[in-house]
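**Student:** Pasting a structure below so you can have a look.
The values are calculated or read from the model by the stated rules, or taken from the named source; none is laboratory data. Everything numeric here is computed off the predicted structure, so don't read it as measured data. Using ideal geometry, Cβ is built from the backbone for each residue, glycine included, and neighbour counts are taken over all protein chains shown.
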Amino acid sequence: MSEKERNLSIKIGYRDSRRAASRILNPGKRFALRRVLLFVAVTLAAVAIWNTVTVSLPPEQRAVLLLFLVAVGLWITEAVPAFAVGLLIMGYLVFALGTPLIMPEPWDVNPYLNTWSSPVIWLMLGGFFMAEGLSRTGLDRKLFSIAIKPAGTRPDRALLAIMLTSAVASMFISNTSTAVLMVGAVLPLVRQMGSKEPFSKALLIAIPVAASVGGMGTIIGSAPNAIAAGVAAEAGEPINFLEWMMLGVPIAITLVVIAWFFLVKRYPTVLTDIKLDLDLLEEPELPKARDRIIVTVISLTTVALWMTTPFHGIHIVAISLIPIVGLTMTQVMGAAHVRRLPWDTLMLVAGGLSLGSAVVDSGLAENFASHLGFLTGLNMDVVVFAGLALITIMLSNVMSNTATVSIVLPVAVALLPGRELEMCLILGLSASCALLLPVSTPPNAIAYATGELQTSDLRPGGILIGLLGPMLIISWVLFMIWLIN
């Protein structure tokens with residue numbers, strides 16, 4: 001990976017899957033005219049469909065359905081940035097539902113604006129501050145180096161160590177940043193071995209797989225997790241940080257181990273030992289020791305309090321403010337660092353939560369669910385879970401995984417009343433199983449952009465995780481819910 005590609009990958013940080021991946025693979029290309037035409041086409045198509053199917057709907061459902069169709073079209077085509085659609089959602093809801101121009105009796109639109117103050121948003125923001133502090137002080141690279149070294153030089157052990165390190169890191173920092181660091185560490189070895197050595201492909205495929213599924217482990221691990229947690233809370237089924245980890249971490253680690261075994265068997269090597277150039281993970285100039293100590297103490301404290309929320313009762317927002325306040329008050333992070341945070345992801349998540357609330361409040365979700373009743377005709381909830389999980393994965397392969405969950409989840413929870421928590425967990429986790437294409441997720445794009453992989457190289461692992469992932473997720477979630485109840 002060139003220095004330009006690496007800087008670009010770091011720069012886009014947490015941004016969402018398809019758009020971020022496209023920017024990695026096609027840096028500098030703006031496609032301005034195409035996006036304008038797409039925007040016009042999406043708007044005209046949405047209005048045409050809306051005008052055809054909404055004649056008998058009440059005003060609030062008509063208003064929300066138009067927004068839903070436009071948002072889906074813009075998210076799929078990416079005619080405008082995904083976060084811009086999130087802002088459009090909020091502005092539209094305030095205008096359409098909060099003024100007498102459309103609604104005979106204007107609604108209280110505060111709930112659709114208050115998603116900015118949702119605990120999920122603060123939780124993500126706290127994670128962003130913590131990750132930026134670790135990156136700025138070089139502690140993330142140091143931790144990677146420490147985690148990989150004990151694996152020694154045996155190829156299979158080194159591969160497993162790289163995958164586990166990538167997965168665990170992606171639970172707390174951006175999977176994009178994780179992939180950048182790990183690909184940067186293995187790329188010299190890959191090019192030294194050459195493309196004919198099977199282990200080269202195993203290394204580059206392993207990193208995006210582990211970085212993507214590792215995000216399942218925590219609420220802050222991926223934006224779809226945050227959307228799912230927010231929808232579950234609105235349905236009266238809140239889930240805390242530790243409870244999510246109890247569900248997500250075992251799935252993530254199991255999928256990593258299965259993927260490791262698959263890669264070792266698919267890409268057997270005759271090498272008896274390898275040497276990773278871990279020096280590439282070191283920053284040439286690190287901040288002074290004071291900053292590293294502060295970041296270490298704040299990060300450990302924050303994660304410990306997140307994981308022990310059921311025992312001490314401190315509100316999750318108060319815990320999330322520890323890195324936000326601590327790193328800025330101690331001047332470890334200044335205004336320039338704060339400006340680099342992925343505010344666009346927060347806009348996307350907040351807009352997704354607003355759209356989900358509007359779809360439910362207007363009754364549109366129940367309306368959709370009534371037309372999808374055939375899914376529940378067999379009276380087997382597991383079939384519904386499996387079908388919607390596969391739909392989520394297929395859509396996430398070709399569009400933003402956060403947008404996919406924002407679209408599918410409000411309708412999905414209406415299909416099975418009383419099982420909102422299971423639906424949110426299953427679909428939120430399944431969104432991280434989309435690994436089929438280079439554009440499916442930024443880690444895939446980063447590995448593909450090295451020039452050492454073909455699209456066909458990503459396909460077997462993508463199919464494996466895409467099919468096995470939902471089966472494992474559904475089984476584990478239903479078992480844990482049954483065990484708790």
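**Student:** When only residues in the stretch 262-290 that are at pLDDT 85 or above and either outside any loop (DSSP other than H, G, I, E, B) or β-branched (Val, Ile, Thr) (or both) count, which is farthest from the chain's Cα centre (by Cα)?
**Tutor:** Going through the qualifying residues, I end up with ARG290.
**Student:** Of everything in the stretch 65-76 that's closer than 18 Å to SER440 by Cα and either under 17 Å from the mean Cα position of the chain (by Cα) or of a type in the set (A, V, I, L, M) (or both), which residue is surrounded by the fewest Cβ atoms within 10 Å (Cβ to Cβ)?
**Tutor:** If we filter the stretch 65-76 for residues that are closer than 18 Å to SER440 by Cα, which is where we start, we get 72-76.
Those left that are additionally either under 17 Å from the mean Cα position of the chain (by Cα) or of a type in the set (A, V, I, L, M) (or both): 72, 74-76.
On the way: VAL72: 20, LEU74: 23, TRP75: 27, ILE76: 18.
Checking each candidate, the answer is ILE76.
**Student:** Pairs under 9 Å by beta carbon, first residue assigned to a helix (DSSP H, G or I) in the stretch 407-435, partner hydroxyl-bearing (Ser, Thr, Tyr) and surrounded by fewer than 24 Cβ atoms within 10 Å (Cβ to Cβ), six or more apart or different chains?
**Tutor:** Hits for this filter: PRO410/SER357; ALA414/SER370; LEU415/THR376.
**Student:** Within the set of pairs 6+ apart or on separate chains, which have a first residue in the stretch 170-196 that is under 14 Å from LEU453 (Cβ atoms) and in contact (Cβ under 8 Å) with a residue 24 or more places away in the chain, a second that is among the hydroxyl-bearing types (Ser, Thr, Tyr) and outside any helix (DSSP H, G or I), and C-beta atoms under 7 Å apart?
**Tutor:** Close Cβ pairs satisfying both conditions: VAL183/THR450; LEU187/THR450.
**Student:** Please verify whether THR345 is at pLDDT below 85, part of a helix (DSSP H, G or I) and crowded, with 19+ Cβ neighbours inside 10 Å, treating the condition exactly as stated.
**Tutor:** Details: at pLDDT below 85: yes; part of a helix (DSSP H, G or I): yes; crowded, with 19+ Cβ neighbours inside 10 Å: yes.
It is true that THR345 is at pLDDT below 85, part of a helix (DSSP H, G or I) and crowded, with 19+ Cβ neighbours inside 10 Å.
**Student:** Right, another one. Do we have VAL338 as closer than 22 Å to TRP122 by Cβ, modelled with pLDDT of 85 or more and either acidic (Asp, Glu) or out of contact with any Cys (no Cβ under 7 Å at 6 or more places or on another chain) (or both) here? Talk me through it step by step, then tell me what you get.
**Tutor:** Numbers: closer than 22 Å to TRP122 by Cβ: yes; modelled with pLDDT of 85 or more: yes; either acidic (Asp, Glu) or out of contact with any Cys (no Cβ under 7 Å at 6 or more places or on another chain) (or both): yes.
In short, yes.
**Student:** Taking the conditions exactly as written (over 30 Å from LEU57 (Cα atoms), in contact with a helix residue (DSSP H, G or I) (Cβ under 7 Å, 6 or more places away or on another chain), hydroxyl-bearing (Ser, Thr, Tyr) and at pLDDT 85 or above), does THR392 satisfy them or not? Steps first, answer last, please.
**Tutor:** Working: over 30 Å from LEU57 (Cα atoms): no; in contact with a helix residue (DSSP H, G or I) (Cβ under 7 Å, 6 or more places away or on another chain): yes; hydroxyl-bearing (Ser, Thr, Tyr): yes; at pLDDT 85 or above: yes.
No: the conditions fail for THR392.
**Student:** Can we say LEU464 is assigned to a loop (DSSP other than H, G, I, E, B) and modelled with pLDDT of 85 or more?
**Tutor:** On the way: assigned to a loop (DSSP other than H, G, I, E, B): no; modelled with pLDDT of 85 or more: yes.
For LEU464, the condition - assigned to a loop (DSSP other than H, G, I, E, B) and modelled with pLDDT of 85 or more - is not met.
**Student:** Report yes if LEU421 is modelled with pLDDT under 95, among the hydrophobic types (A, V, I, L, M, F, W, C) and within 16 Å of LEU395 (Cα to Cα), otherwise no.
**Tutor:** Details: modelled with pLDDT under 95: yes; among the hydrophobic types (A, V, I, L, M, F, W, C): yes; within 16 Å of LEU395 (Cα to Cα): no.
So LEU421 fails the test.
**Student:** So LEU181 ticks every box in (1) surrounded by fewer than 20 Cβ atoms within 10 Å (Cβ to Cβ); (2) part of a helix (DSSP H, G or I); (3) not polar (S, T, N, Q) but one. Which box is left unticked?
**Tutor:** Unmet for LEU181, out of (1) surrounded by fewer than 20 Cβ atoms within 10 Å (Cβ to Cβ); (2) part of a helix (DSSP H, G or I); (3) not polar (S, T, N, Q): (1).
**Student:** How many residues are outside any helix (DSSP H, G or I), β-branched (Val, Ile, Thr) and buried (at least 24 other Cβ atoms within 10 Å of the Cβ) when one looks only at the stretch 208-241? Give the derivation first.
**Tutor:** To start, the set of residues in the stretch 208-241 that are outside any helix (DSSP H, G or I) comprises 218, 222, 235-240.
Filter once more, so that each one left must be β-branched (Val, Ile, Thr): 218, 239.
Those still in the list that are buried (at least 24 other Cβ atoms within 10 Å of the Cβ) too: 218.
Total satisfying the criteria: 1.
So that you can scan it fast, the table gives a plain yes or no per residue for (1) surrounded by 21 or more Cβ atoms within 10 Å (Cβ to Cβ); (2) within 30 Å of MET171 (Cα to Cα):
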site: GLU78; (1), (2): no, yes
site: VAL85; (1), (2): yes, yes
site: VAL94; (1), (2): no, no
site: PRO119; (1), (2): no, yes
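**Student:** Within the stretch 52-76, count every residue that is more than 18 Å from ASP361 (Cβ to Cβ) and either touching a helix residue (DSSP H, G or I) at 6+ places or on another chain (Cβ under 9 Å) or outside any helix (DSSP H, G or I) (or both).
**Tutor:** Our first condition is that a residue be more than 18 Å from ASP361 (Cβ to Cβ); within the stretch 52-76, this holds for 52-53, 55-56, 70, 72-76.
From what's left, either touching a helix residue (DSSP H, G or I) at 6+ places or on another chain (Cβ under 9 Å) or outside any helix (DSSP H, G or I) (or both): 53, 55-56, 70, 72-76.
Adding up the residues that qualify gives 9.
**Student:** Any idea which of PHE144, PHE199, PHE172, PHE129 is modelled with pLDDT of 90 or more and among the aromatic types (Phe, Trp, Tyr)?
**Tutor:** On the way: PHE144 fails: modelled with pLDDT of 90 or more; PHE199 fails: modelled with pLDDT of 90 or more; PHE172 fails: modelled with pLDDT of 90 or more.
Step by step, each of PHE144, PHE199, PHE172, PHE129 is checked, and only PHE129 is modelled with pLDDT of 90 or more and among the aromatic types (Phe, Trp, Tyr).
**Student:** Going residue by residue through the stretch 306-329, is there one that turns out to be assigned to a loop (DSSP other than H, G, I, E, B), surrounded by 14 or more Cβ atoms within 10 Å (Cβ to Cβ), among the polar types (S, T, N, Q) and touching a residue at least 12 places away in the same chain (Cβ under 8 Å)? Walk me through it before giving the result.
**Tutor:** We begin by selecting, within the stretch 306-329, every residue assigned to a loop (DSSP other than H, G, I, E, B); these are 308, 313-315.
Pick out the ones that are also surrounded by 14 or more Cβ atoms within 10 Å (Cβ to Cβ) and you get 308.
The next check asks that each one be among the polar types (S, T, N, Q); those that pass are 308.
Checking the rest, the ones that are also touching a residue at least 12 places away in the same chain (Cβ under 8 Å) come to 308.
Yes - at least one qualifying residue is present in the stretch 306-329.
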